[in-house]
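The values are calculated or read from the model by the stated rules, or taken from the named source; none is laboratory data. No experiment lies behind these values; they were computed from the predicted model shown. Don't worry about glycine lacking a Cβ; one is built from the backbone with ideal geometry, like all the others, and counts go over all protein chains shown. Protein only, heavy atoms only, side chains kept; ligands, DNA and RNA dropped before computing areas. Shrake-Rupley method; radii C 1.70, N 1.55, O 1.52, S 1.80 Å.
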Amino acid sequence: MDTIKVGLLGLGTVGTGVAKVLKNNQDSITKKVGKPVELAKVLVNNTKKQRSITLPDGVITDKPEDVLDNPEISIIVEVMGGIEPAKDYIIRALDNDKHVVTANKDLIAIHGKELFEAAQNKNSDLFFEASVAGGIPIIRPLKECLAGNRLEQVMGIINGTTNYILTKMTQEGSDFSEVLKEAQDLGYAEADPTADIEGYDAARKIAILASVAFGTRVTFSDVYVEGITKITAEDIQYARDLGYVIKLLGIANSINGHVEVRVHPAFIPKHHPLAAVNDVFNAIFIKGDAIGEAMFFGRGAGEMPTASAVVGDIVAAARDIVYGVTGRISCTCFEEKPIIKIGEIQSEYYLRLKVADKPGVLASIAGVFGNHDVSIASVVQKSTGKNGKAEIVLITHKVNENSIRDALQIIGGMSIVDTISNVIRVEGGNK
Ligand code: NAP
Ligand code: HSE
């Protein structure tokens, strides 16, 4: 029986997991594919580095040509990360008639079009399951199992680091900076956590999900992004009192042929399925016209969960090679759907304001909201007991974002208003 040979680009966290899964589950993978799948070459930066896995002599190399131009290798797995040289290597692999599996969300979310065109030209497979939500199967379910649906929403907790931070803030009442430090000490958050806490990592993932779900090209720069750095223990406490939890959500909605795509912290009702997704776990909630609501839950990162998704893609590509049907499911961006600007979205809002604690203040503020068609669903007012100040917390009905912004512009300039402490969107229906 001949063997399907795999070339790995990168032997870090994910690459090591891929090598382990291919080795540990070799027999069952051979049966599932119909031919053995063998790790033939691995490209790394530093061949002298101590590794947690031992590979046969001659497998590890620092010469890209040993892998990319190797005529025996038919599947290239890119788990190096970054834009270049990863993009160049993938294009070169496709030009060499190889099939490609990648976990690289940065690359797919920015350069997906170019990469899919290169794959299509060669009738090659380009699979990217691990680029979103690590081990959770979501790309292939959207492209295949749910292909009969018209999807209207994809909404998820797609960053483990921020979910861990928000979970700790909720369960222990700690402040953001305290929990971030703890997450870094535990190795969950990177030394430079910017991409996670500012929402950029989730933005790349929701761009990919929106493209796949709605059949239109959505790139990283199309996504409106807010991170979690402004969330305080007070917001978490108000959310709890009002029957919500705060989560960093990636949200993509398809509305009348247009697409809305954003990442920001949001209040979600305690009974919403996403509200129970805690710690470093991820989950993706979808709505389709046939399936109704469904949720995919699991580990969004880490060596073995991410390797699970990558090896699933290797098996899919290997099966396609065996059956001579490669290039079957390529780019599914068939239409161009305009992106809805953030000011034009509709949402409910949580607003927390510090104001003068005296008669008529609430009425004045309510008047401004009324003039901007912002309807208030509930109000809580607490005296701070300090300097004659009170804290007002309002939840609005569903309104246009521009109306809230315009109203807050005026309210922020009123002498009775000390501070607009926070504005957080409320998602996921009524509590
Ligand atoms: P990593 O631990 O930093 O590993 C990167 C590997 O690539 C290392 O083995 C490194 O070689 C090699 N490499 C980097 N640049 C190279 C170059 N120019 N030439 C040759 N080799 C090079 O990264 P990772 O965490 O495994 O992530 C890999 C990819 O998976 C990224 O796209 C990431 O976004 C994605 N991903 C990661 C996770 C996760 O949980 N980590 C989850 C989902 C997706 P040396 O070992 O010699 O330094
Ligand atoms: N940094 C990401 C997270 C994992 O915290 O979810 C890699 O996608």
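Accessible surface computed residue by residue for the chain, with neighbouring protein chains in place and a 1.4 Å probe, gives 43 Å² per residue. Does anything in the stretch 386-402 have its amide N under 16 Å from the 7 Å Cα→Cβ label point of VAL379, and if so which residues? Output list for this probe position: 390-397.
Cα axis of helix 13-24 to longest principal axis of the chain: angle in degrees, 0 to 90, nearest 10? For helix 13-24, the angle is close to 50 degrees.
Note on the chain: helix-only mean residue ellipticity at 222 nm, from DSSP H runs of 4+ residues weighted -39500 (n - 2.57) and normalised by residue number, equals -10500 deg cm²/dmol.
In sequence order, the stretch 227-234 has phi-based couplings of x, 10, 5, 8, 7, 10, 4, 5 Hz under the Karplus curve 6.51 cos²θ - 1.76 cosθ + 1.60, θ = phi - 60°, and Gly or Pro positions carry x.
Surface composition of the stretch 343-426: carbon plus sulfur atoms contribute 45% of the solvent-accessible area (1.4 Å probe, protein chains only, all chains present). The string of couplings for the stretch 73-80 from the Karplus curve (6.51, -1.76, 1.60, θ = phi - 60°) is 8, 10, 10, 9, 10, 9, 10, 8 Hz, one whole number per residue in order, with x for Gly and Pro. The long axis of helix 361-371 is offset from the longest Cα principal axis of the chain by roughly 60 degrees. Loop sites by DSSP among the GluC sites (Glu not before Pro) of the chain, restricted to those with at most 16 other Cβ atoms within 10 angstrom, leave 191-335 as the longest stretch without any of them. For the stretch 193-274, the percent of C-alpha pairs falling in each 10 Å distance bin, counted from 0 to the bin holding the largest distance, reads 19, 41, 31, 9, 0. Projected onto its three principal axes, the C-alpha set of the stretch 343-426 covers 38, 20, 17 Å, listed from the longest axis down.
For the stretch 143-299, give the percent of accessible area contributed by carbon and sulfur heavy atoms, probe 1.4 Å, rounded to a whole number. Carbon-and-sulfur percentage of accessible area, whole number: 48. Would you compute the Debye intensity of the chain from its alpha-carbon atoms alone, equal scatterers and no solvent, and pass along log10 I(q)/I(0) at q = 0.08, 0.09 Å⁻¹ to two decimals? Treating every Cα as an identical point scatterer, log10 I(q)/I(0) equals -0.50, -0.61. Close amide H partners of LEU126, meaning residues 5 or more places away or on another chain with modelled amide H under 5 Å apart, are VAL100. For the options ASP175, ASP27, ASP201, a Gaussian network treatment of the chain with springs between C-alpha atoms closer than 10 Å singles out ASP27 as fluctuating the most.
Phi-derived couplings, Karplus 6.51 cos²θ - 1.76 cosθ + 1.60 at θ = phi - 60°, listed residue by residue for the stretch 264-274: 6, x, 8, 6, 10, x, 4, 8, 5, x, 6 Hz, with x used for Gly and Pro. Seen from LYS35, the other residues with C-beta closer than 14 Å to its C-beta sum to a net charge of -1, counting Lys and Arg as +1 and Asp and Glu as -1.
Computed from Cα positions, the angle between helix 160-172 and the longest principal axis of the chain comes to roughly 40 degrees. Could you work out Rg/(2.2 N^0.38 Å) for the stretch 143-299, with Rg from alpha carbons only? So the stretch 143-299 has a normalised radius of gyration of 1.04.
Quick note on the stretch 97-226: its Rg to Rh ratio, both from C-alpha atoms and Rh being the Kirkwood radius, is 1.03. Multiplying each eigenvalue of the alpha-carbon gyration tensor of the stretch 145-196 by 5 and taking the square root yields semi-axes of 31, 13, 8 Å, largest first, rounded to whole angstroms.
Amide H contacts under 5 Å for ILE60: VAL42, restricted to partners 5 or more places along the chain or on a different chain, H placed in the peptide plane at 1.01 Å from N. Its alpha carbons give the stretch 20-75 an Rg and a Dmax of 12.7, 36 Å. For the stretch 36-110, the extents of the C-alpha atoms along the principal axes are 35, 25, 22 Å, listed from largest to smallest.
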